[in-house]
Amino acid sequence: MSQLYSDPTRESEPYALPDAEVFYMPASEFINADESTWMHERMVDDTDADANSLAGWYYWTCMPGCLPDSDAIGPFKTEADAIEDARNID
């Protein structure tokens, strides 16, 4: 999991903190997900999806040391694709 700034111009601000995380979720995480997790919910909610189609790169917004402020957004084929989408948040 890596942290990033959704607005890269904030990286040089002395008191700014990263506000998003990018991470990879393999198919096995969806297959073995507990019922109380977002991975299980994604499998149930998307009837056309299977674990292999859900595997990939995701991001969510959050502050360091805090729980995510958004749902996991993805999957993306590459980490760079996920970062690009995270930086296009309005």
Exercise for review: Please give the net charge around A16, taking every other residue with its beta carbon less than 13 angstrom from that of A16, where Lys and Arg add +1 and Asp and Glu add -1.
Suggested key: -3
Review point. So, with +1 on the Cβ of K and R and -1 on the Cβ of D and E, and no other charges, what is the size of the charge dipole of the chain about its Cα centre, to the nearest 20 debye?
Key: 260 debye
Exercise for review: Could you calculate the contour length gain from M1 to D45, that is, 0.36 nm times the residue separation minus the distance between their Cα atoms, to one decimal place in nm?
Suggested key: 13.4 nm
Revision key, fill the gap. Dividing the helical contributions, -39500 (n - 2.57) per DSSP H run of n ≥ 4, by the residues of the chain yields a 222 nm value, nearest 500 deg cm²/dmol, of -6500 deg cm²/dmol
Point to revise | Difference of contour (0.36 nm per residue) and Cα-Cα distance, T78 to F23 | key: 18.8 nm
Check your understanding: Taking the chain as a Gaussian network, where each spring joins two C-alpha atoms under 10 Å apart, which residue of A80, A16, A27 fluctuates the most?
Key -> A16
Study note, to complete from the structure: Spelling it out for A20: with amide H atoms placed in the peptide plane at 1.01 Å from N, the residues 5 or more places away or on another chain with amide H under 5 Å from its amide H are L4, S6, C62
**Study point:** Rg/Rg_ref, the stretch 24-74, where Rg_ref = 2.2 N^0.38 Å and atoms are Cα
**Key:** 1.15
Exercise for review: Write down Rg/Rh for the chain, rounded to two decimals, with Rg from the C-alpha atoms and Rh from the Kirkwood relation over Cα pairs.
Suggested key: 1.02
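Each reported figure results from applying straightforward, stated rules to the coordinates on display, with no laboratory input. Since the structure is predicted, the reported quantities are computational estimates derived from the model, not experimental observations. Positions of Cβ are generated from backbone atoms using ideal geometry, with glycine treated the same way; all protein chains shown enter the neighbour counts.
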